[in-house]
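Written below as structure tokens is the structure these notes are about.
The values are calculated or read from the model by the stated rules, or taken from the named source; none is laboratory data. Bear in mind that the values here come from a model prediction, so they are computed numbers and not experimental data. Cβ: placed from backbone, ideal geometry, glycine included. Neighbour counts: every protein chain shown. Heads up: the accessible areas ignore ligands, DNA and RNA and are worked out on the full protein's heavy atoms, side chains in. Shrake-Rupley method; radii C 1.70, N 1.55, O 1.52, S 1.80 Å.
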Amino acid sequence: MEIVVVGAGVVGLSCAFSLAGDGHALMVLDRDPPGDKASFGNAGGIGVTELVPASGPGVIWQIPGWLIDPLGPLALRLLHAPYMLPWLCRFLRAGRPDRVAPIAAQLAALNARVYDDLVPLLRAVGLEGALQRCGALTVYETEQGFARDAAAWALRRAHGIACEAMDGDAARAMEPALGPRVVRGVFTPDWAQLADPKALVDRLRAHLAGRGVRIVQGDAAAIEPGARPAIRLRDGGRQAADAVVVAAGAWSARLARTLGDRALLESERGYNFTVPNPGISLGREVIFAERQFVASPLAPGLRIGGAAEFAGLEAPANYARAKALVTLAHRYLPGLDSSVGTSWMGQRPTTPDSLPVIGRSPRAGGVFYAFGHGHLGLTQSATTGRLIADLVGGRSPPIAIAGLGIERFG
């Protein structure tokens with residue numbers, strides 16, 4: 001088959017990788033194929049333990065405090081707020097007890113396949129040694145915060161996730177760079193770390209080009225349905241194919257809308273600050289639960305990342321959000337030297353129910369969707385590619401994906 005994949009981020013390239021393995025003729029189309037993507041600057045965590053929806057137990061009551069805190073993990077630009085109302089309504093619904101359990105089960109099923117799909121991909125591009133199975137350490141500065149997350153940890157354990165609780169001293173024994181503010185910790189050994197997410201995207205793109213996949217610069221404006229669906233480009237060009245895979249990250253909903261398919265998708269803008277010489281050493285990703293940010297030891301340096309800003313796709317970046325993360329990091333990591341570093345912002349494609357959109361368009365049989373992974377794009381990328389290849393090839397996917405279709409948004 002001739003297939004066009006729209007999007008050259010880690011999910012789009014992973015889809016192309018699996019489709020190329022089936023022998024299809026492929027084109028990967030992107031506005032800027034080698035350019036900066038959400039997967040370039042993330043924290044590198046392979047978060048197979050993350051199955052609690054973002055709107056999960058107790059989150060709604062924390063949101064007002066987060067919004068008014070200048071160092072808080074959440075920001076919402078007022079001009080964008082009216083456009084988010086349908087998304088916010090569905091977000092609140094996804095946090096109800098009767099919805100949390102099935103969402104967690106679906107995420108658990110996806111994450112259970114991650115290493116089976118990711119390790120062969122890394123091996124193929126020569127990066128198998130870049131995956132470090134070092135676990136992650138989640139830390140708390142108050143007993144109240146630790147108690148508030150008890151239901152979330154119980155939900156993980158119910159799905160077979162190992163969670164080893166400890167006191168502050170044990171957490172510091174594991175990560176000596178942590179200061180006295182930490183009073184509790186939870187170690188999740190199933191977590192892994194990729195040394196440099198950008199290296200994966202670059203290697204994967206080069207690997208595909210070497211296998212004859214065409215990597216083409218072009219700005220997709222719309223999808224035309226038909227026996228051979230086509231991508232209409234903003235410059236007037238047109239590219240028809242036997243199948244189209246939409247993996248354009250936070251921009252995917254716009255393309256789906258041109259077919260009449262509705263996706264509730266927001267750009268959850270994340271910020272980080274990478275310090276090449278931090279003056280401290282961490283052995284694994286440390287997750288600061290109450291402040292909703294992380295510190296990850298990567299090949300480019302210590303990456304301090306997190307925050308969620310909802311401002312739409314076109315608003316300019318507010319790098320004060322990155323500086324706020326550094327301010328917080330100093331409270332927990334007293335030896336940190338952040339005098340030299342680089343700020344970054346990426347557009348996470350986030351659905352209100354924390355589930356990605358994976359499946360066939362109900363309005364155009366030759367169009368397939370692979371987007372909306374939020375914080376788990378890197379984690380679930382190879383598995384998404386495998387699922388898309390199965391759907392395109394007419395095979396039954398290894399896990400049930402009925403709940404991931406775009407039709408769930410109405």
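Things worth noting here:
- Cα lying deepest toward the dipole's positive end in the chain, options Y271, G210, I358, charges on Cβ: I358
- Couplings for the stretch 70-85, taken from phi via the Karplus curve 6.51 cos²θ - 1.76 cosθ + 1.60 with θ = phi - 60°, read x, 9, x, x, 9, 9, 9, 6, 4, 5, 8, 3, x, 6, 8, 4 Hz in order; Gly and Pro are left as x.
- When +1 charges are put on Lys and Arg Cβ atoms and -1 charges on Asp and Glu Cβ atoms, the dipole computed for the chain relative to its Cα centre reaches about 620 debye.
- Stretched out straight at 0.36 nm per residue, the stretch from L233 to A170 would grow longer than its current Cα-Cα span by 17.1 nm.
- In the elastic network of the chain, a GNM with C-alpha springs shorter than 10 Å, the most mobile of R77, R93, R348 is R77.
- A315-V183 FRET efficiency (beta carbon distance; Förster radius 45 Å; 0.05 resolution): 0.75
- Measuring nothing but how far apart in sequence close Cα pairs (under 8 Å, 6+ apart) lie, relative to its length, the chain scores a relative contact order of 26 percent.
- Of V367, V216, V326, the one that fluctuates the most in a GNM where the chain has Cα springs shorter than 10 Å: V216
- Taking the longest Cα principal axis of the chain as reference, the axis of helix 377-392 is set at about 20 degrees.
- Only protein heavy atoms count here; on that basis, with a 1.4 Å probe, S343 has an accessible area of about 40 Å².
- Largest GNM mean-square fluctuation across G210, G135, G372, computed for the chain with C-alpha springs under 10 Å, falls on G210.
- Full extension of the chain segment joining D22 with C163 gains 47.0 nm, where the gain is 0.36 nm per residue of separation less the Cα-Cα distance.
- Zone residues, the stretch 1-35, relative to A240, backbone N less than 16 Å from point 7 Å out along Cα-to-Cβ: 1-4
- The distance linking the stretch 304-371 with the stretch 228-250 is 26 Å (Cα centroid to Cα centroid, whole angstrom).
- Nitroxide proxy distance, nm - points 7 Å out along Cα→Cβ at V340 and A206: 2.6
- Here the simple spin-label model places points 7 Å from the Cα toward Cβ, and for C89 and D36 these points are separated by 3.6 nm.
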